[in-house]
Amino acid sequence: MKIIVDTTCQIDPRLAKELGLIIIDYPLYLNGEEYEHRYDAPDNLEAKKKYIEQIKDKKSKGSTSGITATEFQRGCDLCKDDEILLITQSLNNTQATANTLKKFMNDHPEYNIKNFDTEILASGVGAQTLALIREMKNKEMTREECLALLEKNRANAYVVGILYDLFYLHRSGRLGLAKAAMASAMRLYPLLSSTPRSGELKATGKVRNYKQGNARFLDAIKGQMQERNSHVLTVNMSYSPGHKKECEHMKELLYSAAEELGWHLEVYIHLTNFSLLPHMGPDFYEMGYVIHT
């Protein structure tokens, strides 16, 4: 069996290769023009930095569209003789991808594909993928067993994060100019959260710095772990350039809690993939996690 996952997973190309994952790209645009990039291209980092600098310009706008049939075929051709487990972000949030995938699977019965919709966004996609692989290390699993585990984990998967560039939210139409200006002047940054199966990121509060945010995230995780009587946690974090320290601080808090409470913890930290930048802007960090039950 081969696992294909889309770039919303926020998994570093080197780790993806090490784990045997095949990654397929969402198209990327800058001011309406397609921005040439590949997830695993040698110049990926430089292309990413250039894109980030350009979308910092208040006159620029980044965007994405659905995964193309050509990209689905590229991924499937790499494992055409295997069973394929395709893991995607919430398809409710990308109807174009959902429609293309449905048609692609109907048109290409030669590929033995089963699709799993994580019903979540951003690093939550990667967290569900990494939680599955964590279990697969301990025992051989059929594709049906993998799908059953993904189904169970989906109900216990979350995404949280902090967004710094409120004017980017205004430029992308998600926030009024007055609110963006007021929040920026007061140095208040929104906390974002996606609850299990919602497929939506929503603002859940405001903080003045990342340490306040991380403390609130940790309190929430402790409560969720206790509620589910769980001691196993898989965490997947991503950050835009300049914000790795927030992830490292969160990692320290998590390992301290794990030592105190007897958790079995795995934490991954990655520089963000392209797919988040048009939606989150150039200044953020976020974290997906799965509570194993």
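Readers should treat all values here as calculations from the given coordinates under stated rules, not as data from a laboratory. Quick caveat: nothing in here was measured; it's all calculated off a predicted structure. A quick note on method: Cβ atoms are made from the backbone with ideal geometry, for glycine too, and the neighbour counts reach across all protein chains shown.
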_Using a 7 Å offset from the Cα along the Cα-to-Cβ direction at both Glu53 and Arg134, what is the distance between the two label points in nm, to one decimal?_
3.8
*asked:* Using Cα springs under 10 Å in a Gaussian network model of the chain, which residue among Met141, Met225, Met250 shows the largest mean-square fluctuation?
replied: Met141
_Antiparallel versus total DSSP beta bridges in the chain: what percent is that, nearest 5?_
60
*For Asp6, which sequence-distant residues (separation of 5 or more, or a different chain) have an amide H within less than 5 Å of its own amide H, given hydrogens modelled in the peptide plane?*
Ile24, Ile87, Gln89
*3J(HN,Hα) from dihedral phi, region 281-290, Karplus parametrisation 6.51/-1.76/1.60, rounded to Hz, x for glycine, proline*: x, x, 9, 6, 9, 8, 9, x, 8, 10
*Output the antiparallel fraction of DSSP beta bridges having both residues in region 2-151, as a percent to the nearest 5.*
30
*Short version: ³J(HN,Hα) in whole Hz for each residue of region 243-249, in order, from phi by Karplus 6.51 cos²θ - 1.76 cosθ + 1.60 (θ = phi - 60°), x for Gly and Pro, what are they?*
10, 5, 4, 5, 5, 5, 5
*Among 147-153, 27-33, the order from most to least packed when residues are scored by Cβ within 10 Å on average*: 147-153, 27-33
*Determine the alpha carbon to alpha carbon distance for each of Lys152/Lys206; Lys80/Lys137; Lys2/Lys50; Lys50/Lys102 and list only those over 27 Å.*
Lys152/Lys206; Lys2/Lys50; Lys50/Lys102
*Kindly provide the helix-only [θ] at 222 nm of the chain, computed as the sum of -39,500 (n - 2.57) over DSSP H runs of four or more divided by all residues, to the nearest 500 deg cm²/dmol?*
-12500 deg cm²/dmol
*For the chain, with the dipole built from +1 on Lys and Arg beta-carbon atoms and -1 on Asp and Glu ones, taken about the Cα centre, which of Val267, Thr88, Ala148 lies farthest toward the positive end?*
Val267
*Kirkwood Rh, Cα atoms: Rg over Rh of region 2-151*: 0.98
_Point-charge dipole on Cβ atoms (K/R +1, D/E -1) for the chain, about Cα centre, debye to 20_ = 1180
*Applying the Karplus parametrisation 6.51 cos²θ - 1.76 cosθ + 1.60 with θ = phi - 60° to the phi angles of region 222-238, what ³J(HN,Hα) value in whole Hz is obtained for each residue in order, glycine and proline being reported as x?*
4, x, 5, 5, 5, 4, 8, 6, 10, 10, 10, 9, 10, 10, 10, 10, 9
*Take the alpha-carbon positions of the chain, form their convex hull, and give its projected area averaged over all directions (one quarter of the hull surface) in nm².*
14.8
_Packing rank of 62-74, 97-109, where each peptide gets the mean count of other beta carbons within 10 Å, highest leading_ = 62-74, 97-109
